[in-house]
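Shown next, in structure tokens, is the structure this report addresses.
What follows is calculated from the coordinates using simple rules that are stated; it is not laboratory data. These figures come from a predicted structure and were not determined experimentally. Neighbour counts run over all protein chains shown; Cβ positions are idealised from the backbone, glycine included.
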Amino acid sequence: MEDKILLAHGSGGKLAHELVEKSFVKALANPLLAKLDDSAVFDLSGRLAFTTDSYVVSPIFFPGGDIGKLAVCGTVNDLAMCGAKPLYLSLSFIIEEGLPQSELEQIVDSVQKAAQEAGVEIVTGDTKVVHKGSADKLFINTAGVGIIAQGIDISGSNARPGDKVILSGTIGDHGIAVISQREGLSFSTKLKSDCAPLGDLVAEMVNASPNIHCLRDPTRGGLATSLNELAKQSGVSIRIEEEKIPVREEVLAACEMLGFDPLYVANEGKLVAIVPAEDADKLLTAMRKNKYGKNTTIIGEVGAEHPGRVVMKTVLGASRIVDMLVGDLLPRIC
Amino acid sequence: MRFISEFRRSELAEGLISQIHRKSRTPARFMEFCGGHTVTIFRYGIRQVLPSTIEMVSGPGCPICVTANADLDKAIALSQIPDVIITTFGDMLKVPGSRSSLQQVKADGAQVHTVYSTMDALKMAEDNPDKSVVFLGIGFETTAPTIAASILQAEEKGMRNYYVLSLHKVCPPVIRALLDSGEVKLDGLICPGHVSAIIGSHPWEFIARDYGIPCVVSGFEPLDILQCVDMLVDQVENGESRVEIAYRRGVRPEGNQQALRLMEQVFEPSPAQWRGMGEVPDSGLKIRKKYQCFDAELAFDIEPGPTSEPVGCICGDILRGVKTPADCRLFGKACVPENPIGPCMVSSEGSCSAYYLYGGSFGG
């Protein structure tokens, strides 16, 4: 019979210890975690970034990743978007009883691989098991700390008129890849989620230009929502060109079928940067050298008129407003 | 061939736009019947790039928008019957009826599920033999054949817990009603693409013949619409009126015979209530007697209560093309996508939603 996670695995007793020792500490091997004290204890000095996020994606395995990879990349990226070098993560599982142990192991394995690639360590964690029906298979929370180098000031409120808007690649890949696996909606596509840790890309960008004004990863709500947030936070307008925004043909096709606009579909391995015009070309070159920035393009610029508004020049040369996402396209994509 | 990006190419669009500017001399008012076309027109800013000689008006072709409040109330009343599971396409959830919406009753505990195909609804009926699963049959000729197919499949499987509330509508009769009303004067009609994929282009002939109005069936990409406008301009400038297809990759003159047979087998024409237009003869589809055991209207005692319309909402006038969202005093103030008062703000194909999302002043 297949080994399953039981309520006892979250009880703090023997089974729980076994699970932690066997499945987590071994797989995520690092000295800080192995101590198994109530807190991870470490030294850090300088300006710190601290963030947390919960992951409830359904299904937990999707083309190009799973909830474990997502839980690492998502938090790493939130740190990176503040210009921080991500260092340490916490990892908390809320497991629905009955989850096959093999699935949990597979997810811990992707947590480990993603953490290794991102150069972060999982230094503390927690496991709870809840009754069948109280959760959907597995929820994960991660929190993370990172350190910000001196002279870096990246914030959503820093965009200035004249700045250029840079996008690191195609949009909509994650949302469509996850949706393609949904029960009752599954369609076949070769598309994979773009889920990836962007810490290195950001480090290379900061290296090329320490003057980056804003960074944001367009996850839920997609590019349109991120640009609206930045325009509102900075009190500027953003003008983008539809033709410059890279979208895969598969994403276009799926969006047509489902009635979505790719501008609102989630990404998990892309970033949008707002940078001084004079630094844009340097950044473009630096970003294109990174494997997660190969398709980087300048998609628009920042203006002073109509603060808070995002306007797009369509492929026909006309203009239209790009509003924030209203309601939800489809829930639980991250 | 790429079926999407090819039809969004800016250099081809540029050529078509300048051609239209060159040719169009006579002032003309074109109506896009279909809500899908309205969305393309606003999403790409097509009104902005057309010459001032051409005026575009949006028509009643949004199936959710034209569903009368009385019918919405029926669906909501059905959801209150014990052991009834309502299945519906997603957009219906938020549409406010006289007192509530499916979304609200769902939050209060009613069984309301969004499905992407009637086959999902059938499966839900199979998986829940002790419940009654009702599919809300809302839509035009585009969706009616698949709903007919679901009824035939339910019959074949001997299922007795699957029902359809048939609120389907067919398009040609309502266009006739609109033209007969004399409220809107049209010089050209952009005929719906998906509806025509099923019924073909022949059913539009009467518009060109009896009313002298040029008709062109269009697809949903910006180049489709521009090509369609270009063909309409040609007819206007040459003083002609006939039915043409600018969407050959999707539509044949004779339509989809198999789909038409399915519809014919299961449904018969009936009068239907249209929001803003009242009852239009032969514009609905009723389940035939042979399949009446699947008719939710007959199977349940539905008590929807009195119907009322939201005060101040002019969705009806907007659907007839006699007013625009900008004429509505609720638009963008009391009525916004996150808190819609009228259906045209709810549906992704609604005029108000397209005006609001893509910016009346920018997109229109």
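Per-residue Cβ counts within 10 Å, from other chains only, averaged over B:45-51: what number is that?
4
Go through segment B:7-57 and name the trypsin sites (Lys or Arg not before Pro) that are in a DSSP coil and have 15 or fewer other Cβ atoms within 10 Å of their Cβ.
Here the sparse-neighbourhood loop sites are B:R25.
Once phi is turned into ³J(HN,Hα) by the Karplus curve 6.51 cos²θ - 1.76 cosθ + 1.60 with θ = phi - 60°, what whole-Hz value does each residue of segment A:58-70 show in order, with x for glycine and proline?
Karplus values, whole Hz, x for Gly and Pro: 9, x, 6, 10, 9, x, x, x, 8, 4, x, 4, 4.
Could you state the number of Å between the C-alpha centres of segment B:293-333 and segment A:163-220?
Each part reduced to its Cα centre gives a spacing of 41 Å.
What FRET efficiency do you get for B:A107 and B:Q265 if R0 is 41 Å and r is their Cβ-Cβ distance, rounded to the nearest 0.05?
Between B:A107 and B:Q265 the formula returns 0.60.
Sequence-distant or interchain residues sharing an amide H contact under 5 Å with A:V129, placed H: which?
A:G10, A:I95
Mind scanning A:K69/A:K128; A:K4/A:K26; A:K4/A:K190; A:K35/A:K85; A:K4/A:K128 and naming the pairs with a C-alpha gap bigger than 21 Å?
In this structure, A:K4/A:K190; A:K35/A:K85 exceed 21 Å between Cα atoms.
Would you kindly derive the ³J(HN,Hα) couplings of segment B:117-131 from the backbone phi angles with the Karplus curve 6.51 cos²θ - 1.76 cosθ + 1.60 (θ = phi - 60°), listing them in order in whole Hz, with x for Gly and Pro?
7, 5, 5, 5, 5, 4, 5, 4, 5, 5, 6, 10, x, 8, 10
Could you check the spin-label model distance between A:L36 and B:K290? Points 7 Å from the Cα along Cα→Cβ, value in nm.
Result: 7.2 nm between the two label points.
Taking the convex hull of the Cα atoms, report for segment A:7-148 its projected area averaged over all directions, in nm².
With the hull built on Cα positions only, its mean projection is 8.2 nm².
Per-residue Cβ counts within 10 Å, from other chains only, averaged over A:251-259: what number is that?
That average works out to 3.
B:D301 to B:Q153: FRET efficiency via 1/(1 + (r/R0)^6), r the Cβ-Cβ distance, R0 30 Å, to the nearest 0.05?
0.70
Please list, in chain and number order, the residues 5+ apart from A:L271 or on another chain whose amide H is under 5 Å from its amide H, with Hs placed from the backbone.
A:S168, A:G169
Just subtract the alpha-carbon distance of B:D83 and B:E6 from 0.36 nm times their residue separation and send over the number in nm, one decimal.
Between B:D83 and B:E6, full extension yields 22.8 nm more.
Positive end of the dipole of the protein assembly as shown, charges at C-beta (+1 Lys, Arg; -1 Asp, Glu), about the Cα centre: which of A:N228, B:T88, B:G139 has its Cα farthest in that direction?
Going by the charge dipole, the pick is A:N228.
Place the peptides B:272-281, A:3-12, B:86-95 in order of packing, highest mean first, counting for every residue the other Cβ atoms within 10 Å and averaging per peptide.
Result, highest mean first: B:86-95, B:272-281, A:3-12.
Need the C-alpha centroid separation for segment B:5-25 versus segment A:99-151, integer Å.
52 Å
What aspartates and glutamates sit close enough to A:K291 to cross-link, taking a C-alpha to C-alpha distance under 14 Å and skipping anything fewer than 8 places away on the same chain?
Within the straight-line cut-off, A:K291 pairs with A:E117, A:D194, A:D200, A:E204.
What residues qualify as long-range amide H neighbours of A:A49, i.e. H under 5 Å apart, gap of 5 or more or another chain, H built at 1.01 Å from N?
A:G146, A:I147, A:I148
Could you give each residue of segment A:142-147 its phi-based ³J(HN,Hα) in whole Hz, using Karplus coefficients 6.51, -1.76, 1.60 with θ = phi - 60°, and x for Gly or Pro?
Result, rounded to whole Hz: 10, 10, x, 10, x, 10.
If you place +1 on the Cβ of every Lys and Arg and -1 on the Cβ of every Asp and Glu, how big does the dipole about the Cα centre of segment A:7-148 come out, in debye to the nearest 20?
Charge dipole of segment A:7-148: 120 debye, to the nearest 20.
Could you check the spin-label model distance between A:S54 and B:S18? Points 7 Å from the Cα along Cα→Cβ, value in nm.
So the two model labels end up 5.8 nm from each other.
How many nm is it between the label spots at A:A304 and A:D136, if each spot is 7 Å from the Cα in line with the beta carbon?
4.8 nm
Measure out, as a whole number of angstrom, how far apart the alpha-carbon centroids of segment A:231-263 and segment B:51-130 sit.
Comparing the Cα centres of segment A:231-263 and segment B:51-130, I get a distance of 28 Å.
Please report A:V123, A:V247 as a ranked list, fewest other C-beta atoms within 10 angstrom at the top and most at the bottom.
Ascending Cβ contact count within 10 Å gives the list A:V247, A:V123.
Answer rounded, prolate or oblate for the protein assembly as shown, using the Cα gyration tensor with square roots of eigenvalues a ≥ b ≥ c: rounded when a/c is under 1.5, else prolate when a/b is larger than b/c, else oblate.
Since a/c reaches 1.5 but b/c is at least a/b, the shape of the protein assembly as shown is classed as oblate.
Classify segment A:164-321 as rounded, prolate or oblate from the Cα gyration tensor: take a ≥ b ≥ c as the square roots of its eigenvalues, call it rounded if a/c is under 1.5, otherwise prolate when a/b beats b/c and oblate if not.
oblate
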